[in-house]
1. Given the criteria outside any helix (DSSP H, G or I), touching a strand residue (DSSP E or B) at 6+ places or on another chain (Cβ under 7 Å) and in contact (Cβ under 8 Å) with a residue 24 or more places away in the chain, does A382 qualify?
2. Quick check on the stretch 257-265. Is at least one of its residues within 23 Å of E377 (Cα to Cα) and either in contact (Cβ under 8 Å) with a residue 60 or more places away in the chain or in a helix (DSSP H, G or I) (or both)?
3. Which of the residues that make up the stretch 54-74 are buried (at least 20 other Cβ atoms within 10 Å of the Cβ) and of a type outside the set (S, T, N, Q)?
4. Restricting attention to the stretch 22-75, which residues are basic (K, R) and either in the same structural domain as A152 (by TED's automatic domain parsing) or outside any loop (DSSP other than H, G, I, E, B) (or both)?
5. Being of a type in the set (V, I, T) and in contact (Cβ under 8 Å) with a residue 12 or more places away in the chain is true for just one of V64, V42. Which residue is that?
6. Looking only at the stretch 75-93, count every residue that is under 16 Å from D276 (Cα atoms) and surrounded by 14 or more Cβ atoms within 10 Å (Cβ to Cβ) and tell me the total.
7. In the stretch 345-362, what residues are within 18 Å of the chain's Cα centre (by Cα) and part of a loop (DSSP other than H, G, I, E, B)?
8. Determine the pairs where a residue that is assigned by TED's automatic domain parsing to the domain that holds Y256 and modelled with pLDDT under 65, located within the stretch 95-121, has a partner that is of a type in the set (S, T, N, Q) and assigned to a loop (DSSP other than H, G, I, E, B) with Cβ atoms under 8 Å apart, the partner being 6 or more residues away or on another chain.
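The values are calculated or read from the model by the stated rules, or taken from the named source; none is laboratory data. These numbers were taken from a predicted model, which means no experiment stands behind them. Cβ: placed from backbone, ideal geometry, glycine included. Neighbour counts: every protein chain shown.
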Amino acid sequence: MTVQDAHTSAREPGGNGNGPIGWHKDHLTGSRPDLRVPVRRVHLTNGRDVTLYDTSGPYTDPTVDTDVRRGLAPLREGWITGRGDTEEYDGRPPRPEDDGLRATGPGGGLRNLDAVFPGGPRRPRRSRDGSPVTQLAYARRGEITAEMEYVALRENVSPETVREEIAAGRAVLPANVNHPETEPMIIGKRFLVKVNANIGNSAVTSSIEEEVEKMTWATRWGADTVMDLSTGRNIHTTREWVLRNSPVPIGTVPLYQALEKVDGRAEELTWDIYKDTVIEQAEQGVDYMTVHAGVLLRYVPLTARRKTGIVSRGGSIMAAWCLAHHKESFLYENFEELCEILAAYDVTFSLGDGLRPGSVADANDEAQFAELRTLGELNTVAKAHGVQTMIEGPGHVPMHKIKENIDLQQEICEEAPFYTLGPLTTDVAPGYDHITSGIGAAMIAWWGTAMLCYVTPKEHLGLPDRDDVKTGVITYKIAAHAADLAKGHPGAQEWDDALSDARFEFRWEDQFNLALDPDTARAFHDETLPAEPAKTAHFCSMCGPKFCSMKISQDIRRRHGGEMEEIEAGMAEKSREFAAAGNRVYLPVTD
């Protein structure tokens, strides 16, 4: 499949085209005509509508003609230029080494021009005078931006609540001024729990086309952000295609591309190479960047007795650099300059946990929490520079040790949003780590984690494909929604109630359409009862017509409904008599 073909596949049945039958794209309107927030509107057969959060962008809007060769419309362009605090400039020109290529030599040659995004590189935008142009800076000044109003409508909260949480550093709104295509979203514990999906090629497999398709596929199923973790060839070009077609914030780990520029030799990395890579990615529009600035030279020996050592790619790269030079990390030493760069584009920090545990035996050890304390210090520095910041967390943690992670992070990092990978609660289930981690994800989100990084069935085994991406996203949307229910988020219970009512009343089409994965729900039902009349039957193939508990319950209500009402009325009367008697269990004996 070519990049041009990706648009066609996105419109195929079951793809990322017009969405499953039974719901349609609708919009909530804000205070200005260009502020229209997409929602998923499910029409029920009983005449009700249920409105759900939607991350799929224009790809599920039949009124919009999407084409990956053109990219998405720049939704936020007018908002960004209207503020008057940014300017276009002649950016850094793309270079062969940005894609892991060389001009000459074995495997060299310039980039494949056929793969370059047809729109070409746009002139980037940055702060006009060097002042922060971040949502954090605006929030601190008391301004409610269009982006803040947008997420308030999405979250069913007030714009002032959004502004307050961002100003306090308890929430982030990742929105690079060079990614105007993104539909604003917010990450913070007072809001819906978000899910990130990782995509990206490797030195072994995948292509630009596959990664663009995985991005649109992930957002179709509910990914709130996507991280491009490409480590192979065409890193720059892959990222350009992804950004120009992504309706959600895109994150990266700049260290991966910087390492490619020095042929994978960690000891040859320099601050200048890394800085140049950060600017390259900021100019393209990357919304948040994982930076492993908390891996310090003195922490590396703390991992020596671990069962699985350092399992973070970024953490191991920086540990290798520190040991090779016997110097402190250049990320840590130059952190304030890095803050100034990110503030000029509104790139959000995702402070990486390079020393996270890679096995349950290593959970909550000295190395992990030493790095966390450093991340807390860096969070304070970043906020002082007006840079939005979230903190990354583990990893592999058994259930009884999970709460300590969120409690410490919230204390040390001043309640900055926590963004965790799982955590995986056991190490014994390769091939099923979406489940082992989904358990931990639901728990840690309930206790306050703001965003969950998904884990797919391929974790530890291989590069995820399209099907793995869907499985990972759905698993983590379940964990996130379970946490939203437990936290009492506005609207979370309404979704469950609507599906429960449909289930009890045997409204099969409504059950399918309200499901997180309507396609799978419908397919499972139709495997054994494919005939159309089965979609109105008051049973499924599990219990049949005679043993369905809900059918029996309905029969009881029909046969004895009047009696039940009389019993309830009698109980209510006795309750009133008890209250009138002073709520006394024992009444005085009268002669």
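1. no
2. No, every residue in the stretch 257-265 fails to be within 23 Å of E377 (Cα to Cα) and either in contact (Cβ under 8 Å) with a residue 60 or more places away in the chain or in a helix (DSSP H, G or I) (or both).
3. Answer for the stretch 54-74, where residues must be buried (at least 20 other Cβ atoms within 10 Å of the Cβ) and of a type outside the set (S, T, N, Q): D54, G57, Y59, V68, L72.
4. Of everything in the stretch 22-75, those that are basic (K, R) and either in the same structural domain as A152 (by TED's automatic domain parsing) or outside any loop (DSSP other than H, G, I, E, B) (or both) turn out to be K25, R36, R40, R41.
5. V42
6. 2
7. The answer is V347, G352, D353.
8. Here the result reads R111/N234; N112/N234, each pair linking the stretch 95-121 to a residue that is of a type in the set (S, T, N, Q) and assigned to a loop (DSSP other than H, G, I, E, B).
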